[in-house]
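*Asks:* Can you keep this structure in mind? I'll have questions shortly.
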Amino acid sequence: MNDRPPDCWVLSDGKAGTENQCLGLADALGLPYVVHRLQRRPATDWLPAKFWAATGTLARSWAATAPEMHPPWPRLLIAAGRPSVGPALAVRRAARGATYAIQIQDPRVAPAHFDLVIPPSHDGLTGPNVVPTLGAMHRVTRGKLDIAAAQWRTRFAVLPEPRLAVLIGGTSKHHRMTRAIAQGLGAQLHALCADTGGGLMVTASRRTDTESQAALRDALAGLPVDFWDGRGENPYMGMLAMADGIVVTEDSVTMASEAASTGKPVFIAKMEGGAEKFDRFHKALQDQGISRPFTGAWTTWEYPPVLETARLAAEIKRRLGLPNAP
């Protein structure tokens, strides 16, 4: 029987956006890992995050769907999302210093409860063990983009240049996607294609409602456009790889962060609503020459690709004494 502790656990609430941040960091660290997806208990969901900092057992926290959440404890734990706070704290306590606990995003408890907290800088969280990132970590890498370019070249190379990837979000807590917004974005894209003779690679997200998708499709009728309908393999990575520029709706920090990792021009499309933290994020992108507001006009510029996941992985390797740390 092998009692050697596992290298890394990923604790996820199952949401794609939060889980991909954890997986992106785990991939970049190069450690074998297992993923534990957590389910929420309605009877305890109302409790404030600070409650979980004051309690220490897995039985009092949100439950894990996987029965493997027991000793031996991992050397490294990467967690994100509110449901992960309790289990992460419980594992760290139970491991008695053997597990290095990393919490991605603001845990809503004092950062000192963890070994390292990695929030987006626009959240404004500070502390001696806090290392902020510009935007969100993710799984997009140069190597994956090169593979995707080869995989999707036949499909997208038929579109005229400049090719624009268009990443559409949807209604969220802070933003609203409406038919009028979709029609306006479609009109801007139509003007850009008419001016440049370029083509479009468009993908919606889980949050894009059917009415907005239909309005956008109608507005783009007659243009050289590849609009992914959600069937078959997702060509998202191929769109990033084959694009000359990328349009992202302002509701998604993750998609903007993934676009910024390519080093290609990033255009931010307005939606209804907003929030100060999103404004801070987009201002940071603009101030660093990464993004510009989308107006329907085509222009190009250059900036160093934003590689925050790799930067944080190198920092964690340095702190843990792992190989290949700079």
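*Asks:* With an 8 Å Cα cut-off and a minimum separation of 6 or more residues, compute the relative contact order for region 97-208 in percent.
*Replies:* 21 percent
*Asks:* Another question, then. Just going by the charge dipole of the chain, with Lys and Arg at +1 and Asp and Glu at -1 on Cβ, which of Phe267, Tyr100, Leu200 is farthest out on the positive end?
*Replies:* So the residue we want is Tyr100.
*Asks:* Further question: Got a sec? Charge dipole of the chain, +1 on Cβ for Lys and Arg, -1 for Asp and Glu; which of Ala90, Leu167, Leu11 is way out at the positive end?
*Replies:* Farthest towards the positive end: Ala90.
*Asks:* Enter the Cα centre distance for the pair region 249-326 and region 192-241, rounded to the nearest angstrom.
*Replies:* Their Cα centres are 22 Å away from one another.
*Asks:* Looking at the chain as a GNM with Cα springs under 10 Å, which of Ala182, Ala101, Ala221 has the largest mean-square fluctuation?
*Replies:* In the Gaussian network model the winner is Ala221.
*Asks:* To the nearest 10 degrees, how steeply does helix 210-219 sit against the main Cα axis of the chain, on a 0 to 90 scale?
*Replies:* For 210-219 against the chain, the angle is about 30 degrees.
*Asks:* Further question: Would you please give the residues with an amide H less than 5 Å from that of Val166, counting only those at least 5 places away or on a separate chain, with H modeled from the backbone geometry?
*Replies:* When sequence neighbours closer than 5 places are left aside, the close amide H contacts are Met201, Val202, Thr203, Val247.
*Asks:* With springs only between Cα atoms under 10 Å, which of Asn234, Asn20, Asn129 fluctuates most in a Gaussian network model of the chain?
*Replies:* Asn234
*Asks:* If you don't mind, another one. Quick one: helix 142-156 against the long Cα principal axis of the chain, what's the angle to the nearest 10°, folded into 0 to 90?
*Replies:* Tilt of helix 142-156: around 40 degrees.
*Asks:* Please identify, among Arg92, Arg231, Arg37, the residue showing maximal mean-square fluctuation in a Gaussian network model of the chain using a 10 angstrom Cα cutoff.
*Replies:* Result: Arg231 has the largest fluctuation of those listed.
*Asks:* A further question on this structure: Taking the Cα centre of region 142-293 as origin and charging only Cβ (+1 Lys, Arg; -1 Asp, Glu), how large is the dipole, in debye to the nearest 20?
*Replies:* With only Lys, Arg, Asp and Glu charged at Cβ, the dipole is about 260 debye.
*Asks:* With only Lys, Arg, Asp and Glu charged, each at its Cβ (+1 for the first two, -1 for the last two), find how big the charge dipole of the chain is about the Cα centre; round to the nearest 20 debye.
*Replies:* 980 debye
*Asks:* A further question follows. Evaluate 2.2 N^0.38 Å with N set to the residue count of the chain, then give the Cα radius of gyration divided by it.
*Replies:* Taking the Cα Rg and dividing by 2.2 N^0.38 Å, one obtains 1.06.
*Asks:* Also, quick follow-up: Work out from phi, with θ = phi - 60° and the Karplus expression 6.51 cos²θ - 1.76 cosθ + 1.60, the ³J(HN,Hα) of each residue of region 309-318, listed in order in whole Hz, and give x for Gly and Pro.
*Replies:* These are the phi-based 3J(HN,Hα) values: 5, 5, 4, 5, 4, 5, 5, 5, 4, 4 Hz.
*Asks:* Here's a follow-up. Treating the angle as unsigned and between 0 and 90°, give the value, to the nearest 10°, between the Cα long axis of helix 16-29 and the longest Cα principal axis of the chain.
*Replies:* 70 degrees
*Asks:* Helix-derived [θ] at 222 nm for the chain: sum -39500 (n - 2.57) over DSSP H runs of at least 4, divide by residue count, nearest 500?
*Replies:* Value at 222 nm, helices only, nearest 500: -10500 deg cm²/dmol.
*Asks:* Net charge near Leu23, counting Lys/Arg +1 and Asp/Glu -1 over other residues with Cβ under 15 Å of its Cβ?
*Replies:* For residues surrounding Leu23, the net value is -2.
*Asks:* Additional query: What are the GluC sites (Glu not before Pro) within region 223-313 that DSSP puts in a loop, where the Cβ has at most 13 other Cβ atoms within 10 Å?
*Replies:* Those satisfying the criteria are Glu233, Glu302.
*Asks:* I've got another one for you. In 10 Å bins starting at zero, report the fraction of Cα pairs in region 142-293 per bin as a rounded %.
*Replies:* Over region 142-293, the share of Cα pairs per 10 Å bin runs 11, 43, 38, 8, 0 percent.
Only the coordinates and a few stated rules stand behind these numbers; no lab work does. Please read all numbers here as calculations on a predicted model, not as lab measurements. A quick note on method: Cβ atoms are made from the backbone with ideal geometry, for glycine too, and the neighbour counts reach across all protein chains shown.
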